Amino acid sequence: MKYYIYGKGVNGEGIVSFLGLYFPNQSYAFIDDSKEESSLINLLAHIQQEDRILIASTLHYEKIEENLTQYHLENYENGIIWCGEILNQKLKDYKESHCFKKYIGLVVCKWTEKHFVDLESQLKALGYGVIYFTFYSEIYKKYAKKNFCLFAPHAVLERVVEVEMMLLTNLTPTNEKVISIDITHGFQGSLVYPFMKFSLTDKAFLKYSYSTANYIVCGSKKIHRAYEEFFQSIQEKPTLLDTGYLKLDKDVQEFEKFCKKQQVAGIKSQNDIVIFAFTFFDEIARMIVLMKECFRLNLRVFFKPHPVYAEKLMPKILEAFAGEKLFIEEMESKELFYHSLCVVTDCSSMGYTYPLTTAKPSLILGDNKQEIDKSEKYYEEKLMVSCSKDEDFREFLQEIIATQESYPVKVKIYRQNECFNFANATKSLVEQIELILGD
């Protein structure tokens, strides 16, 4: 028997990976009508009655089904539902051999693993069964060695119903029978959306994703207000949980511990590193000019691009500053933060988490034109400095140097008055989970 995956999109690739992990000895082929050699017409002579055709498209399912019935092919089924049924059976088998009061899924994406902090251990201590789900085969292989982990790519995850709750970091659509909580992987939440270039399809999927979400975690009062405004604009209304931003608590705890060790050892902060950390900003030539402005003030520079764009941007920056003593190629993150002056960013989560962790400011490039019609904007004057013109960049750096002693007090007040459950976010979320699940 051979599997034919009809549709070579994201879901098609996911089903192939699913077959590779759970049915490693089965052969498969794509049916892809965009290429003549792999089109249905060309493969008709090869498809046997015992073979199984898995339809991998959600948008074009009816059209694909029509194509198959046109050629009297009946050995097909919905590949996404098929994968989901297999996972649900695996969950049933697991639950038969384990005895937990309820089961909670943690959906792990690339670059967001640390955002769950120690939720797993806290949930297990309360008697919950924790099951990992992921879209990525490399993450599946990693977690499967030490936990019960299931590979549920993209739309397949929506078919999983054998857990009571799923905790997300990337607003992944889940089944309506499963309670979902998005703990988010960016403190700024919906404030990042005005900076993104959405196609009509992207906008529709974003709205759909929020329509499947039951709860969204907020880190601060400002973020709560921003979400309310955003939900009104898309006419969706998940419940907001004002429990706080989990990863920030851990980052602050580890950073303060590091600072104490440095101080005991007599190592003072140099406050001379400018960290460039952008989400979407990718103008290399402009970035290089700004970095050189730092060098003119005898400030060191560290480049920390978003992981999605690092492969594209990093080689060009390294080439531009090869041999430059003030350009730092590598440094451990806590040491980097300890000796830093500020972070320069556009709309990243670091624009918030950096000042809240280090009590040092973020310098925001641009004039926030993308947000002109919003009452809640990304820029937060209590934590940030806004530089709307590149020619003023050096002047703003000098201002930060001159006023750096004022920031610890500002940040302390912000933590107390604006952040939700600062230093206590994980405990607060776990309490909410218990309430939501009725335990």
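The values are calculated or read from the model by the stated rules, or taken from the named source; none is laboratory data. Predicted model only: the values in this text are computed from it and were never measured. Here the Cβ positions follow ideal geometry from the backbone for every residue, glycine too, while neighbour counts run over all protein chains shown. Keep in mind that these areas ignore ligands, DNA and RNA; they rest on the heavy atoms of the full protein, side chains included. Shrake-Rupley method; radii C 1.70, N 1.55, O 1.52, S 1.80 Å.
Note on region 43-62: residues that are exposed (fewer than 11 other Cβ atoms within 10 Å of the Cβ) and in a helix (DSSP H, G or I) amount to 1. Restricting attention to region 143-172, the residues that are within 23 Å of LYS95 (Cβ to Cβ) and not in a strand (DSSP E or B) total 18. How many residues, within region 1-17, are within 22 Å of THR69 (Cβ to Cβ) and within 37 Å of the chain's Cα centre (by Cα)? Here the count works out to 11. Total residues in region 257-272 satisfying the condition of being over 28 Å from PHE295 (Cβ atoms) and either in contact with a Pro (Cβ under 6 Å, 6 or more places away or on another chain) or open to solvent by 80 Å² or more (accessible area, probe 1.4 Å) (or both): the figure is 5. The residues of region 270-289 that are of a type in the set (A, V, I, L, M, F, W, C) and either closer than 27 Å to GLY189 by Cβ or in a strand (DSSP E or B) (or both), listed by number, are ILE273, VAL274, ILE275, PHE276, ALA277, PHE278, PHE280, PHE281, MET287. PHE303 falls short of the stated requirement of being of a type in the set (A, V, I, L, M, F, W, C) and over 25 Å from the mean Cα position of the chain (by Cα).
Return the residue satisfying two criteria in turn: it lies in region 290-305 and is open to solvent by 60 Å² or more (accessible area, probe 1.4 Å) and assigned to a loop (DSSP other than H, G, I, E, B), and of such residues it is modelled with the highest pLDDT.
Here is the first cut: in region 290-305, the ones open to solvent by 60 Å² or more (accessible area, probe 1.4 Å) are 292, 296, 298, 304.
Next, from what is left, pick out any that are assigned to a loop (DSSP other than H, G, I, E, B): 298, 304.
Numbers: ASN298: 97, LYS304: 91.
Top of the filtered list is ASN298.
Among the candidates ILE436, ILE400, the residue that is at pLDDT 95 or above, outside any strand (DSSP E or B) and under 23 Å from PHE230 (Cβ atoms) is uniquely ILE436. Among the residues making up region 18-41, those that are assigned to a helix (DSSP H, G or I) and closer than 15 Å to ILE64 by Cβ are SER38, LEU40, ILE41.
Taking into account only those residues within region 1-43 that are of a type in the set (S, T, N, Q) and touching a residue at least 60 places away in the same chain (Cβ under 8 Å), which is farthest from HIS72 (Cα to Cα)? Result: SER17.
To keep it simple, each residue is scored yes or no on (1) open to solvent by 50 Å² or more (accessible area, probe 1.4 Å); (2) out of contact with any helix residue (DSSP H, G or I) (no Cβ under 7 Å at 6 or more places or on another chain).
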| position | (1), (2) |
| --- | --- |
| TYR6 | no, no |
| ASN11 | no, no |
| PHE18 | no, no |
| PHE23 | yes, yes |
| GLN26 | yes, no |
| LYS35 | yes, yes |
| ILE41 | yes, yes |
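For region 231-255, how many residues meet the condition of being touching a residue at least 24 places away in the same chain (Cβ under 8 Å), surrounded by fewer than 15 Cβ atoms within 10 Å (Cβ to Cβ) and among the hydroxyl-bearing types (Ser, Thr, Tyr)? Count: 1.
If you scan region 121-164, which residues turn out to be of a type in the set (Asp, Glu) and out of contact with any helix residue (DSSP H, G or I) (no Cβ under 8 Å at 6 or more places or on another chain)? Even if it seems obvious, please write down each step before you answer.
First, pick out the residues of region 121-164 that are of a type in the set (Asp, Glu): 138, 158, 162, 164.
Matches in region 121-164: GLU138 only.
The residue that is farthest from ARG296 (Cα to Cα), among those in region 314-347 that are open to solvent by less than 10 Å² (accessible area, probe 1.4 Å) and touching a residue at least 40 places away in the same chain (Cβ under 8 Å), is CYS347.
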